[in-house]
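The structure under discussion appears below in the form of structure tokens.
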Amino acid sequence: MGPLQKLGRLPIVLTMPAFAVLLVVFGVPIIQLFLTSLNAPAFSFANYQAFFGEQSNVRVLFQTVEVSVVATAICLIIGYPTAYLIVAASKRLRTALIVFVLIPYLTSGLARTYAWIVILGDRGLINSVLLDLGLISRPLELIYNRVAVYIGMVHIMLPMMMLPLISVMQDIDKSLMAAARSMGARPLAAFWRVFLPLTLPGVRSGALLVFVVCLGFYVTPQALGGLRDAMLSTFIAAQVATAFNLGSIAASAFILLGVAAVMLSTLGLDISGKQGTAKTASKSGSTRLPSVGRLTRHLNELATPYRSKRWTSKLYQAGDESRCWDTVGTVFVVLVMFYLLFPSLVIIIMSFGAGTVLEFPPSSLSLQWYRSFFDNPWWIDAAWTSIQLGVAVAILSTIVGTLAAYGLSRTFPRLRSFLTMLILTPITIPVIVVGIATYLGLVNLGLLGSKIGLALAHSIGSITFVVVIVVTTLANFDQRLEKAAKSMRAGPLQAFMRVRLPLIRPGVIAGAVFAFIHSFDEVVISSLVGGAIRTLPLKMWDNMRNEMDPTIAAVASLLSLLPMFWLIALYLTSLRSKLGEPACAPEPHY
């Protein structure tokens, strides 16, 4: 067997197409961007000194970190108890609530931002209702301030915080809490000593993802905030649009990347959600504070007789307190779901209004704004461009990402972890930095302002989503099935196509759907590298900034209904796969 044949049999070769795309479009350019920020080959910190020399730049940097920290904290405060209550619900109710969380997660962020403009604006829903009721004499200033920015950002990021928490909480053995209660621990003590430490990996992953994504927020702060609420990504985008000083832009981007890197290296990103990490963290924390630990244990020993007596007296009593907390929990979950779903519902209802302006509820119904959308060639061209790009990105990302996931699943654990972190890089750093690096990459390739360039730029993040989803699916695959096929003289390709691929098909299709959604919803990178090409989100964003055409409500309504279509498609795919399993099973012969 020749060296090339041996190399072809190595699973790591399957990851090369994915890494080739990432390196050419993103990896090499970001190194080039870093060298540019240092004025290579002269090498100096002049660009960084110039950035920190301007007081306004430092203020925007601190403001970016402050807004990201506050938005992350709000998401955690709201998301943790909501995830806890969702996991504690019955199976059917839990499934319904998770779907309610997924719908806004899959809905366009631009459409949700537009919904909040409609709700909070001077002539928006809230001010109109208060004026009609006579409670106020003039519109309240609900928009173009910091509070509006937090409302919009938390609304977009809350599902991203809740989904890792729900995933981790569902894997916790519920008998541990029951065991703690059976040994006399009160509900709060059992939660604090048993449940909370086991959920820390989910808290860490969710908080880091939300914080890093918030660092790169561009559209929502600009649409809902005032001039004093600008973030560093807005500052970088303005530099690209006006005076294209690459050294200054590169320094700003790497300062933002440095903030994200500090948080990632301090806390670490664990997408596996292993519970052992929480135990380690808790153990290390007690080592650092031995005196506090000894004092706590001593106080617990003093309170042990009291807890024992109280546990005996409460053992067979009806729990009135639990019913009260159940009511509080139900009201809380309903309010959170209302916050997540109501903006999209408002836009969908308003889009059917027959008036010349948007009103809620509409005085009469009409499809005029949908006709306006479908009769306008600019809107149709933008929508067709987005569909073409989405399909191209989904095909490329699914093929390349599935091969990479298959190769990663067959490599050594240490190498797999390292390569997985490299592939995850585009979604673990601020999107504005990815956009600037991609801009350089497409300039090098001569594809700036072309559809091929846009497809490659969108594929960077889409490949990551496909790899994460397919790797998770492959983790549940029974390796013995493929070995059995090979023992019956099936070649590696035949065993993959006839055995493995049919069983992981739902994961591959889910990856393709997420790749399409990621491309279809992209705004920041498209605005940097698209040139004169206008995708549907870019056309919508241009109209939101220049004129509040009610046709945008029809577009936002269509974008809000799109995730429901994808969820139904994924459900039918999963259902078909389950129904097909018994038919594929060999029948025994006696």
query: How many residues are surrounded by 18 or more Cβ atoms within 10 Å (Cβ to Cβ) and under 29 Å from PHE516 (Cα atoms) if we restrict to the range 473-484?
result: 2
- prompt: Only one residue in ILE86, ILE117 is out of contact with any strand residue (DSSP E or B) (no Cβ under 8 Å at 6 or more places or on another chain) and either of a type in the set (Gly, Ala, Ser) or farther than 15 Å from GLN222 by Cα (or both). Which one?
  reply: ILE86
task: Go through the residues of the range 134-149 one by one and say whether even a single one is under 20 Å from SER344 (Cβ atoms), touching a helix residue (DSSP H, G or I) at 6+ places or on another chain (Cβ under 8 Å) and surrounded by fewer than 18 Cβ atoms within 10 Å (Cβ to Cβ).
output: no
message: I need every pair where a residue in the range 497-518 that is over 16 Å from ALA484 (Cα atoms) and free of Cβ contacts under 8 Å to residues at least 24 places away in the same chain has its Cβ under 8 Å from the Cβ of a residue that is of a type in the set (A, V, I, L, M) and surrounded by fewer than 18 Cβ atoms within 10 Å (Cβ to Cβ), sequence separation at least 6 or different chains.
response: none
Unique match (being out of contact with any strand residue (DSSP E or B) (no Cβ under 7 Å at 6 or more places or on another chain) and open to solvent by 30 Å² or more (accessible area, probe 1.4 Å)) among PHE217, PHE235: PHE235
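Rundown of residues vs (1) touching a residue at least 24 places away in the same chain (Cβ under 8 Å); (2) over 30 Å from LEU142 (Cβ atoms); (3) not in a helix (DSSP H, G or I), yes/no style:
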position: PRO197; (1), (2), (3): yes, yes, no
position: GLY202; (1), (2), (3): yes, yes, no
position: VAL212; (1), (2), (3): yes, no, no
position: SER233; (1), (2), (3): yes, no, no
position: PHE244; (1), (2), (3): no, yes, yes
position: ILE255; (1), (2), (3): yes, yes, no
message: Criterion first (buried (at least 20 other Cβ atoms within 10 Å of the Cβ) and modelled with pLDDT under 90) does GLY152 satisfy it?
response: no
message: ASP521 - would you say it is within 30 Å of LEU110 (Cα to Cα), touching a Ser or Thr at 6+ places or on another chain (Cβ under 9 Å) and either touching a residue at least 24 places away in the same chain (Cβ under 8 Å) or surrounded by 13 or more Cβ atoms within 10 Å (Cβ to Cβ) (or both)?
response: yes
task: Output yes when any residue across the range 516-524 is of a type in the set (A, V, I, L, M, F, W, C), under 30 Å from THR242 (Cβ atoms) and part of a loop (DSSP other than H, G, I, E, B), and no when none is.
output: yes
query: Has the range 456-470 got at least one residue that is without any contact (Cβ under 8 Å) to a residue 40 or more places away in the chain and either surrounded by 14 or more Cβ atoms within 10 Å (Cβ to Cβ) or in a helix (DSSP H, G or I) (or both)?
result: no
- line: Checking TYR48, TYR114, TYR80, TYR105 in turn, the sole residue that is under 29 Å from ALA569 (Cα atoms) and open to solvent by 10 Å² or more (accessible area, probe 1.4 Å) turns out to be TYR105
message: Among the residues in the range 485-494, are any open to solvent by 20 Å² or more (accessible area, probe 1.4 Å) and at pLDDT 85 or above?
response: no
- line: Cβ pairs under 6 Å, 6+ apart or interchain, first in the range 356-380 and touching a residue at least 60 places away in the same chain (Cβ under 8 Å), second part of a loop (DSSP other than H, G, I, E, B) and hydroxyl-bearing (Ser, Thr, Tyr), ordered by first then second residue, are TRP369/SER351
message: Of the residues PHE34, PHE52, PHE19, only one is part of a helix (DSSP H, G or I), among the hydrophobic types (A, V, I, L, M, F, W, C), modelled with pLDDT of 90 or more and over 24 Å from LEU232 (Cα atoms); which?
response: PHE19
query: Considering VAL99, VAL69, which residue is open to solvent by 50 Å² or more (accessible area, probe 1.4 Å), under 29 Å from VAL259 (Cβ atoms) and not small (Gly, Ala, Ser)?
result: VAL69
field: Those residues of the range 340-360 which are in a loop (DSSP other than H, G, I, E, B) and open to solvent by 90 Å² or more (accessible area, probe 1.4 Å), in sequence order
entry: THR356, VAL357
query: Taking TRP369 and the conditions (1) modelled with pLDDT under 90; (2) surrounded by fewer than 21 Cβ atoms within 10 Å (Cβ to Cβ), which numbered condition does it fall short on, given that it satisfies the others?
result: (2)
Some residue of the range 406-416 being within 21 Å of the chain's Cα centre (by Cα) and assigned to a helix (DSSP H, G or I): no
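The values are calculated or read from the model by the stated rules, or taken from the named source; none is laboratory data. As the structure is a computational prediction, the values presented were derived from the model and not from experiment. Please note: Cβ atoms are built from the backbone with ideal geometry, for glycine as well, and neighbour counts cover all protein chains shown. Ligands, DNA and RNA are stripped out before the accessible areas are found, and what is left, the full protein with its side chains, is counted by its heavy atoms. Shrake-Rupley method; radii C 1.70, N 1.55, O 1.52, S 1.80 Å.
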